[in-house]
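The values are calculated or read from the model by the stated rules, or taken from the named source; none is laboratory data. Everything numeric here is computed off the predicted structure, so don't read it as measured data. Cβ placement follows ideal geometry from the backbone for every residue including glycine, while neighbour counts extend to all protein chains displayed.
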Amino acid sequence: MTNTNGPAPPDAPDTPDAPGSAPFAPVLPPVIATVILHYGDPALAANLAAALRRADPEHAHRVLVLDNAAPRPATGAWRRLPDNLFWGGALAWCLDAARDMGCTHLWFLNNDISFETRPPLVARAALRMAVDRNPYHPQMVRDARIQYRRVALVDGIAPLIDLECAREVGGADCADNPRGYGVDVWLSLRAHRAGWPVVVDHQLVVRHRYHTTARSVDGFMDAAARAEHEYMTRRLGPAWRDEVARLQHQWTDETTL
């Protein structure tokens, strides 16, 4: 998983060769469902979807807009949910939907991002991602000198998630926090603890306008912050902010692929 923030997804853990099997099984290319979550201004998701489809025409049929029961419906949405599931609930819904579609990975995109990297984009999103600035997660700020960074956790503006990884670690785990703040961090940390690589690609870069939609909904930011604190306290203890800050500075940089 990355974002990588996200999200891009980790390779499956190594397993011993079965008796009589070839020493190296063929590696199949990932099948990525790219889902843009719409709530707020419909033009944001529409413009991002159009940009991705132009950049990767061979993947255009899997570039999808999910309308999260928005007051201003999306044009040409893949699905319109009957109720607003918020970010966390929509992520959980999409993990199941992508698996049902036969995909191996979910690229779950905020609608208020833009790509700073030249096409192709979906095809290039092998496993990792970076952002050009991030006020919350310094481990995810782009460093053009390196190829990728192995980290302990990421945030969720654009995580590319291996569906098998998500299944193995227990899914989104957001029933008590559907608004989703903290869900991304907890999911990536569980993946890291389970031995899955959590990777930030410094050669695939997005720019994010933070909280574009959230700030347009009265009271949302305060409610989401309270829910995040309760959620993370239950999982990491009352000093969870200190623990996240410590983990943000645990990384290994790689200059070659």
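State whether the residues of the range 41-58 include one that is out of contact with any Lys or Arg (no Cβ under 6 Å at 6 or more places or on another chain), under 25 Å from residue 186 (Cα atoms) and either of a type in the set (Asp, Glu) or exposed (fewer than 13 other Cβ atoms within 10 Å of the Cβ) (or both). Step through it out loud before you land on a result.
In the first step, residues of the range 41-58 are kept if they are out of contact with any Lys or Arg (no Cβ under 6 Å at 6 or more places or on another chain); the result is 41, 43-58.
Next, from what is left, pick out any that are under 25 Å from residue 186 (Cα atoms): none.
No, the range 41-58 contains no residue that is out of contact with any Lys or Arg (no Cβ under 6 Å at 6 or more places or on another chain), under 25 Å from residue 186 (Cα atoms) and either of a type in the set (Asp, Glu) or exposed (fewer than 13 other Cβ atoms within 10 Å of the Cβ) (or both).
Residue 98 fails exactly one of the following numbered conditions: (1) on the phi > 0 side of the Ramachandran plot; (2) assigned to a helix (DSSP H, G or I); (3) of a type in the set (Gly, Ala, Ser). What is the number of that condition?
(1)
Show the residue pairs meeting these rules: Cβ distance below 6 Å; 6+ apart or different chains; first residue within the range 236-257 and under 14 Å from residue 197 (Cα atoms); second residue in a loop (DSSP other than H, G, I, E, B) and hydroxyl-bearing (Ser, Thr, Tyr).
Between residues of the range 236-257 that are under 14 Å from residue 197 (Cα atoms) and residues that are in a loop (DSSP other than H, G, I, E, B) and hydroxyl-bearing (Ser, Thr, Tyr), there is no close pair.
Quick one: count up the residues across the range 170-209 that are farther than 21 Å from residue 109 by Cβ and in contact with a Phe, Trp or Tyr (Cβ under 8 Å, 6 or more places away or on another chain).
The number of residues fulfilling the criteria is 1.
Of the residues that make up the range 68-76, is at least one surrounded by 23 or more Cβ atoms within 10 Å (Cβ to Cβ), in contact with a helix residue (DSSP H, G or I) (Cβ under 7 Å, 6 or more places away or on another chain) and not aliphatic (A, V, I, L, M)?
Within the range 68-76, the subset surrounded by 23 or more Cβ atoms within 10 Å (Cβ to Cβ) is 68, 74.
Narrowing the set further to residues that are in contact with a helix residue (DSSP H, G or I) (Cβ under 7 Å, 6 or more places away or on another chain) leaves 68, 74.
Pick out the ones that are also not aliphatic (A, V, I, L, M) and you get 68.
Yes, there is a match, as at least one residue in the range 68-76 is surrounded by 23 or more Cβ atoms within 10 Å (Cβ to Cβ), in contact with a helix residue (DSSP H, G or I) (Cβ under 7 Å, 6 or more places away or on another chain) and not aliphatic (A, V, I, L, M).
Can you name the number of the only condition in (1) closer than 26 Å to residue 167 by Cβ; (2) at pLDDT 95 or above; (3) touching a helix residue (DSSP H, G or I) at 6+ places or on another chain (Cβ under 7 Å) that residue 122 fails?
(2)
Which residues, counting only those in the range 40-61, are more than 23 Å from residue 99 (Cα to Cα) and not in a helix (DSSP H, G or I)?
Once the filter is applied, which keeps residues that are more than 23 Å from residue 99 (Cα to Cα) and not in a helix (DSSP H, G or I), the range 40-61 yields 40, 41.
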